[in-house]
Amino acid sequence: MNHKEKLYREIKKFTKWADQCQPTWSEERDNGEWELGYPHFEELCGAAEDVVNEYPCSEADETLIHALLFVIARDNECEELVEEKLVLRRDWFELLAKKSIGSKYVNAEWQFAKHLGDCEGCDPDLIFSFIKSEYEYTSRMALQTIAELKPECAERYAFEFWDRGKYPAGSSEDEYQKIMALHVLAKLNSPRLEAYLERAKQSDYKWLRKNAEELSAKYN
């Protein structure tokens with residue numbers, strides 16, 4: 001049995017177990033923490049790691065790409081495959097990152113957005129695709145990353161995320177986007193940070209106010 005066959009076998013074994021033990025799970029409703037519940041989690045991730053180590057990405061077909069993204073999405077609590085393994089393999093990182101954008105593997109997509117800056121030599125312009133994601137958490141992680149990779153653009157995106165009106169007023173999504181925008185403005189030492197801190201302190205959002213107070217204490 002080669003490494004690809006082992007990977008497919010491990011995914012089949014995981015899926016059978018998950019369907020029995022977590023019958024409502026899906027890509028959109030992944031409960032995370034598979035590493036705590038699934039008894040063969042290390043074997044699942046190890047099979048994916050072996051494929052990346054043993055094969056050039058030029059040999060990857062769509063079946064293999066989907067298999068790897070599937071495992072990466074299950075590794076959404078530890079993030080070890082992306083954060084510790086794939087960041088060292090620029091070719092594989094870029095290929096899988098591009099394939100994750102807009103895919104059903106939402107818990108793989110945000111990991112690539114979050115760790116793009118950790119992959120030496122990766123195309124930094126990929127972040128502009130992630131920041132347009134329809135998945136709220138991916139776009140938020142991309143905003144965080146763009147402050148590192150493209151600081152000259154980050155302030156504009158922070159303002160946009162604050163006032164974008166994409167999510168309903170009062171929703172957690174709107175609050176989380178504003179919180180990240182605030183942190184990016186702080187990281188950039190934006191001249192408009194103080195004004196946004198004051199706006200945050202006057203907000204009805206509990207956690208936005210809390211973050212503003214903490215940032216005010218830190219930067220004052």
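The conditions are (1) closer than 23 Å to E134 by Cβ; (2) in contact with a Phe, Trp or Tyr (Cβ under 9 Å, 6 or more places away or on another chain); (3) in a helix (DSSP H, G or I); (4) open to solvent by 20 Å² or more (accessible area, probe 1.4 Å), and G170 fails exactly one of them. Which is it?
With (1) closer than 23 Å to E134 by Cβ; (2) in contact with a Phe, Trp or Tyr (Cβ under 9 Å, 6 or more places away or on another chain); (3) in a helix (DSSP H, G or I); (4) open to solvent by 20 Å² or more (accessible area, probe 1.4 Å) applied to G170, the lone miss is (3).
Could you list, in sequence order, all residues of segment 51-80 that are aliphatic (A, V, I, L, M), under 22 Å from M141 (Cβ atoms) and either without any contact (Cβ under 8 Å) to a residue 40 or more places away in the chain or not in a helix (DSSP H, G or I) (or both)?
I65, L69, I72 - these are the residues of segment 51-80 that are aliphatic (A, V, I, L, M), under 22 Å from M141 (Cβ atoms) and either without any contact (Cβ under 8 Å) to a residue 40 or more places away in the chain or not in a helix (DSSP H, G or I) (or both).
Being among the small types (G, A, S) and either more than 14 Å from E136 (Cβ to Cβ) or outside any helix (DSSP H, G or I) (or both) is the filter here, so list the residues in segment 173-198 that pass it.
Answer for segment 173-198, where residues must be among the small types (G, A, S) and either more than 14 Å from E136 (Cβ to Cβ) or outside any helix (DSSP H, G or I) (or both): A186, S190, A195.
Within segment 155-164, identify whether any single residue is surrounded by fewer than 18 Cβ atoms within 10 Å (Cβ to Cβ) and closer than 30 Å to E33 by Cα, and answer yes or no.
Among the residues of segment 155-164, not one is surrounded by fewer than 18 Cβ atoms within 10 Å (Cβ to Cβ) and closer than 30 Å to E33 by Cα, which makes the answer no.
So Y137 ticks every box in (1) among the hydroxyl-bearing types (S, T, Y); (2) farther than 29 Å from K4 by Cα; (3) open to solvent by less than 30 Å² (accessible area, probe 1.4 Å) but one. Which box is left unticked?
Result: Y137 passes all but (3).
From E175, E148, E213, which residue is over 25 Å from K85 (Cβ atoms) and open to solvent by 60 Å² or more (accessible area, probe 1.4 Å)?
Just one listed residue meets the conditions, E213.
What pairs come out if I take residues in segment 21-41 that are free of Cβ contacts under 8 Å to residues at least 40 places away in the same chain and pair them with residues that are of a type in the set (S, T, Y) whose C-beta lies under 9 Å away, six or more apart or interchain?
C21/Y38; N31/T24
If the Cβ limit is 7 Å and pairs must be 6+ apart or interchain, which residue in segment 185-200 that is of a type in the set (G, A, S) pairs with which residue that is open to solvent by 50 Å² or more (accessible area, probe 1.4 Å)?
Going by the 7 Å Cβ cut-off, the qualifying pairs are A186/Y219; S190/E155; A200/R209.
Return the residues of segment 1-50 that are among the acidic types (D, E), assigned to a helix (DSSP H, G or I) and farther than 27 Å from R89 by Cα; say none if nothing qualifies.
D19
Filtering segment 79-107 down to residues that are within 12 Å of the chain's Cα centre (by Cα), open to solvent by 20 Å² or more (accessible area, probe 1.4 Å) and hydrophobic (A, V, I, L, M, F, W, C), which residue is nearest to R9 (Cα to Cα)?
The selected residue is V106.
The values are calculated or read from the model by the stated rules, or taken from the named source; none is laboratory data. Keep in mind it's a predicted model, so treat the numbers as computed, not measured. A quick note on method: Cβ atoms are made from the backbone with ideal geometry, for glycine too, and the neighbour counts reach across all protein chains shown. Quick note on the areas: whole protein, heavy atoms, side chains included, nothing else; ligands and nucleic acids left out. Shrake-Rupley method; radii C 1.70, N 1.55, O 1.52, S 1.80 Å.
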